[in-house]
Amino acid sequence: MDDWLIEAREGDRVLDIASATGSFPTAGLACCVIALDEDPDAFADAPDAVGRCWRVIGRSERMPVASASIDLAVCSHALEHFQNLDAALDEIRRVLKPEGRLFVSVPDGYQVCDTLYRWLFQDGGHVNRFRREDLVRRIEARVGLRLAAWQKLYSSFTYLRNIPGLRHWAAPDLQPRLKRFARLPRAAVDGAQAVLYAATRIADRLFATDSAVYGWALWFAPGAGTPKENPPWRNVCLHCGAGHPAEAVGRLSWRRWICPACHRCNPCWLRR
Ligand SMILES: [Zn+2]
């Protein structure tokens, strides 16, 4: 997504759909950014808007956005939450300019990361479960764009780190399963995360599986040719969840590495 954001020129409009606190930093961008979310509280924890950024409350299946007005639509970790996915895709088609583009990131609904998330958080708002080929066909048909590039996204199971903090969260509707796990010591949860991180990557290496995959990033554009698969970034920070190319991280020793985003130490550095 970053390359398309950097390419966006002054006067271009980028629509961040189901943005929550924002899918990307807006500082330094030349374009205008419209962050759209249906939850009035979504922007409460958002950092101060930087640059040309507007925050709009509205539903994805009925966007308060003019037709043919958007240069780039961004759906980052959003489509899995949409109750009426086809209506939202139709709206994306309506608001995009004829030369407009679409970036999507979603979880693989059949891999370890999303399966465990749905079990722990009792679906956690994930109402759609995707396979890549099916989702690409659906988006191409409804939005009228073609897949230009894609990339596997890797998991570090960072959502596990939120669980111990829930013991202090007095929500009466907190799921019983989460209440039980929230009583575990933080060290146990952190250890389980590290074991999952390493075990899924080792299993993938031994058995040529995709168990450490979170999902995919998908770039759609008008009339694109053969889709290009971008190399995956397998080194994903256990602490902040940011993924990095192998050559971009600082190495401490044989397999330990420092996250460029949060500067914390991680295990299991992988060259490819
Ligand atoms: Zn980090």
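Among (1) in contact with a strand residue (DSSP E or B) (Cβ under 8 Å, 6 or more places away or on another chain); (2) under 16 Å from LEU96 (Cβ atoms), where does SER67 come up short?
Tallying (1) in contact with a strand residue (DSSP E or B) (Cβ under 8 Å, 6 or more places away or on another chain); (2) under 16 Å from LEU96 (Cβ atoms), SER67 fails exactly one: (1).
Under 6 Å between Cβ atoms, at least 6 apart or on separate chains: pull out the pairs that start in the stretch 197-211 with a residue that is of a type in the set (A, V, I, L, M) and end on any residue that is surrounded by 15 or more Cβ atoms within 10 Å (Cβ to Cβ).
So the pair list comes out as ALA198/CYS268; ALA203/SER211.
Can you name every residue in the stretch 9-44 that is of a type in the set (Val, Ile, Thr), touching a residue at least 24 places away in the same chain (Cβ under 8 Å) and either surrounded by 17 or more Cβ atoms within 10 Å (Cβ to Cβ) or under 14 Å from ILE70 (Cβ atoms) (or both)?
Of everything in the stretch 9-44, those that are of a type in the set (Val, Ile, Thr), touching a residue at least 24 places away in the same chain (Cβ under 8 Å) and either surrounded by 17 or more Cβ atoms within 10 Å (Cβ to Cβ) or under 14 Å from ILE70 (Cβ atoms) (or both) turn out to be VAL14, ILE17, THR26, ILE34.
Could you list all residues from the stretch 223-241 that are crowded, with 16+ Cβ neighbours inside 10 Å and touching a Pro at 6+ places or on another chain (Cβ under 8 Å)?
TRP233, ASN235, LEU238
Tally the residues that are of a type outside the set (Gly, Ala, Ser) and within 12 Å of the ligand (Cβ to nearest atom), restricting the search to the stretch 260-272.
Total meeting the criteria: 6.
Please go through (1) surrounded by fewer than 17 Cβ atoms within 10 Å (Cβ to Cβ); (2) among the charged types (D, E, K, R); (3) out of contact with any Pro (no Cβ under 7 Å at 6 or more places or on another chain) for ARG255 and return the number of the only condition it doesn't satisfy.
The number of the failed condition is (3).
Which members of the stretch 228-253 meet the condition of being small (Gly, Ala, Ser), part of a strand (DSSP E or B) and at pLDDT 90 or above?
GLY243
Just to be sure, is LEU184 in a loop (DSSP other than H, G, I, E, B), away from the ligand (no atom under 16 Å from the Cβ) and in contact with a Pro (Cβ under 9 Å, 6 or more places away or on another chain)?
yes
Inside the stretch 1-28, can you point out the residues that are more than 20 Å from PHE220 (Cβ to Cβ) and more than 19 Å from the chain's Cα centre (by Cα)?
Scanning the stretch 1-28 gives GLU10, GLY11, ALA27, GLY28.
Identify, please: which residue in the stretch 152-168 is part of a loop (DSSP other than H, G, I, E, B) and of a type in the set (A, V, I, L, M, F, W, C) and is, among those, surrounded by the most Cβ atoms within 10 Å (Cβ to Cβ)?
PHE157
What are the residues in the stretch 232-259 that are near the ligand (Cβ under 8 Å from one of its atoms) and without any contact (Cβ under 8 Å) to a residue 24 or more places away in the chain, if any?
ALA242, CYS259
Which residue is farthest from the chain's Cα centre (by Cα), if the candidates are limited to the stretch 94-116 and must be in a helix (DSSP H, G or I), touching a residue at least 24 places away in the same chain (Cβ under 8 Å) and surrounded by fewer than 19 Cβ atoms within 10 Å (Cβ to Cβ)?
ARG94
The values are calculated or read from the model by the stated rules, or taken from the named source; none is laboratory data. Keep in mind the model is a prediction, meaning the values are calculated, not measured. Neighbour counts are summed over all protein chains in view; Cβ atoms, including those assigned to glycine, are modelled from backbone coordinates with ideal geometry.
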